[in-house]
Amino acid sequence: MRRRRALTALPLLLTPGLARAEVAEPAPFAGFERRIDEQLADVRSVVVLQRGRTVFEYHRSGFGAESLHSVESVTKGVLSLLVGIALAQGRLADLDRTVVELLPELAGVNADPRARTLTVRHLLTMTAGFEGRNRRFFDPKGLAAFAMSRRFTANPGEVFRYDNPGANLLAAVLAKAVGAEPAAYAQQHLFTPLAIERTEWEADFEGHSLGFRGLRLRTRDMAKLGQLMLQRGAWHGRPLVPDAYLAAATEPRGRGGPPLNLPYGYLWWLAPAATGRSATFFASGFGGQLIWVHEPLELVVAVTSEVSEASNARGQAVDLARGDVVRAAAMPPRADAASAASR
């Protein structure tokens with residue numbers, strides 16, 4: 001029943017060919033394994049990075065470091081990163097391009113004149129204005145056409161409404177702009193540069209990548225994506241996602257709303273901030289899938305959990321990240337907690 005834990009220098013996590021050193025659990029995280037085992041039964045895995053080091057790692061019995069987990073709506077956060085990359089490459093001109101400009105085949109799907117004003121930015125901020133039907137995703141006319149055909153209940157840009165079909169529409173827009181499905185585009189321009197080698201991304205019956213969910217990742221690779229966010233889109237000195245885009249993505253685009261009732265950026269949830277962009281932001285998936293970034297402590301927390309209504313209601317992943325992990329990370333480091341690379 002023992003779980004794997006490590007304090008390692010981040011390059012050991014990121015660079016192929018280097019051995020992984022196993023060392024004693026750092027004092028601030030002492031007892032975390034037992035607490036998760038005994039009190040947080042929904043949680044399947046945890047990886048915590050601080051200041052570029054892995055300071056805690058946990059995998060419940062039956063899961064391991066190589067396990068792929070369904071990250072549910074964390075997929076949306078990855079989709080946002082891909083939009084930023086497409087902007088940097090010039091494949092997407094700007095966020096105010098309309099959907100019907102990019103997908104002219106959808107121009108006649110919705111007779112409401114507001115459909116012609118719908119932009120990429122509206123989809124990123126979940127302010128498209130469609131009615132709040134999130135239960136139906138697959139439709140004979142296709143994901144994008146179904147999403148576009150829904151009834152408008154607000155003008156685009158005016159009201160936040162969590163919108164799963166809208167994320168599918170954004171995935172279709174991205175695919176058209178870059179000439180590849182998000183799964184393939186991510187592998188070439190995001191996952192491969194991060195040395196993320198094992199992923200799965202669910203597609204519909206026509207082979208189109210889902211936007212609202214569907215991605216499966218290792219927990220360590222979820223943490224890499226959080227570290228990329230913390231490093232403002234740069235990886236080993238190479239810019240992958242524009243800093244300016246990520247700054248905008250983590251700035252509140254209104255007060256947000258359900259299901260979390262927190263401010264929202266570009267498909268990333270934000271902790272409330274007095275002014276400007278938030279220093280704490282996260283991608284959240286149903287059941288307790290989480291990439292949590294807390295800039296003041298240079299902290300990244302990746303959590304996977306059981307995918308169920310009960311797990312979703314209990315919220316153990318968020319409680320763990322913003323509670324116990326933040327408190328432990330705020331403790332002064334021990335003098336003997338040196339980089340594993342030097343051992």
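The values are calculated or read from the model by the stated rules, or taken from the named source; none is laboratory data. None of these values were measured; they are calculated from a predicted model. Counting neighbours? That spans all protein chains shown, and the Cβs are built from the backbone with ideal geometry, glycine included.
Taking segment 288-307 as the region of interest, how many residues are more than 17 Å from Gln39 (Cα to Cα) and either of a type in the set (A, V, I, L, M, F, W, C) or free of Cβ contacts under 8 Å to residues at least 24 places away in the same chain (or both)?
11
Only residues in segment 324-335 that are assigned by TED's automatic domain parsing to the domain that holds Gln50 and closer than 14 Å to Pro296 by Cβ count as the first member; pair them with residues that are assigned to a helix (DSSP H, G or I) and modelled with pLDDT of 90 or more, Cβ under 8 angstrom, at least 6 apart or cross-chain, and list the lot.
Val326/Leu297; Ala329/Leu297; Ala330/Leu297
Got a number for residues in segment 111-135 being buried (at least 21 other Cβ atoms within 10 Å of the Cβ) and out of contact with any Gly (no Cβ under 7 Å at 6 or more places or on another chain)?
Adding up the residues that qualify gives 7.
Restricting attention to segment 89-124, report how many residues are under 23 Å from Tyr264 (Cα atoms) and assigned to a helix (DSSP H, G or I).
Summing the residues that are under 23 Å from Tyr264 (Cα atoms) and assigned to a helix (DSSP H, G or I) in segment 89-124 gives 9.
Arg161 versus (1) over 23 Å from Glu105 (Cα atoms); (2) of a type in the set (D, E, K, R); (3) without any contact (Cβ under 8 Å) to a residue 60 or more places away in the chain; (4) out of contact with any Leu (no Cβ under 7 Å at 6 or more places or on another chain): which is the lone unmet condition?
Against the list (1) over 23 Å from Glu105 (Cα atoms); (2) of a type in the set (D, E, K, R); (3) without any contact (Cβ under 8 Å) to a residue 60 or more places away in the chain; (4) out of contact with any Leu (no Cβ under 7 Å at 6 or more places or on another chain), Arg161 comes up short only on (3).
Give the residues of segment 141-184 that are β-branched (Val, Ile, Thr) and more than 19 Å from Asp94 (Cβ to Cβ), sorted by residue number.
Thr153, Val159
Any residue in segment 207-221 that is part of a loop (DSSP other than H, G, I, E, B), among the aliphatic types (A, V, I, L, M) and assigned by TED's automatic domain parsing to the domain that holds Arg161?
There is at least one residue in segment 207-221 that is part of a loop (DSSP other than H, G, I, E, B), among the aliphatic types (A, V, I, L, M) and assigned by TED's automatic domain parsing to the domain that holds Arg161.
With Phe212, Phe205 as the choices, which residue is of a type in the set (Phe, Trp, Tyr), closer than 19 Å to Pro165 by Cβ and surrounded by fewer than 21 Cβ atoms within 10 Å (Cβ to Cβ)?
Phe205
Filter segment 88-98 for residues that are out of contact with any helix residue (DSSP H, G or I) (no Cβ under 6 Å at 6 or more places or on another chain) and either β-branched (Val, Ile, Thr) or surrounded by 15 or more Cβ atoms within 10 Å (Cβ to Cβ) (or both) and give the result.
Those that are out of contact with any helix residue (DSSP H, G or I) (no Cβ under 6 Å at 6 or more places or on another chain) and either β-branched (Val, Ile, Thr) or surrounded by 15 or more Cβ atoms within 10 Å (Cβ to Cβ) (or both): Ala88, Thr98.
Can you list the strands (runs of 3 or more DSSP E) lying wholly within segment 261-318 that have 1 or more residues being surrounded by fewer than 22 Cβ atoms within 10 Å (Cβ to Cβ) and either of a type in the set (Asp, Glu) or touching a Lys or Arg at 6+ places or on another chain (Cβ under 9 Å) (or both)?
By residue number, 280-285.
Kindly provide the set of residues from segment 241-251 that are part of a loop (DSSP other than H, G, I, E, B) and surrounded by fewer than 19 Cβ atoms within 10 Å (Cβ to Cβ), ordered by number.
Pro242, Glu251
Are there any pairs, at least 6 apart or on different chains, whose C-beta atoms fall under 8 Å, with the first in segment 222-251 and on the phi > 0 side of the Ramachandran plot and the second in a helix (DSSP H, G or I) and among the aromatic types (Phe, Trp, Tyr), and if so, which?
Gly233/Tyr245
Only one of Gly287, Gly257, Gly265 is assigned by TED's automatic domain parsing to the domain that holds Gln227 and at pLDDT below 95; which?
Only one candidate qualifies: Gly257.
Any idea which of (1) assigned by TED's automatic domain parsing to the domain that holds Leu270; (2) of a type in the set (S, T, N, Q); (3) in a helix (DSSP H, G or I) is the one Ser61 doesn't satisfy?
Result: Ser61 passes all but (3).
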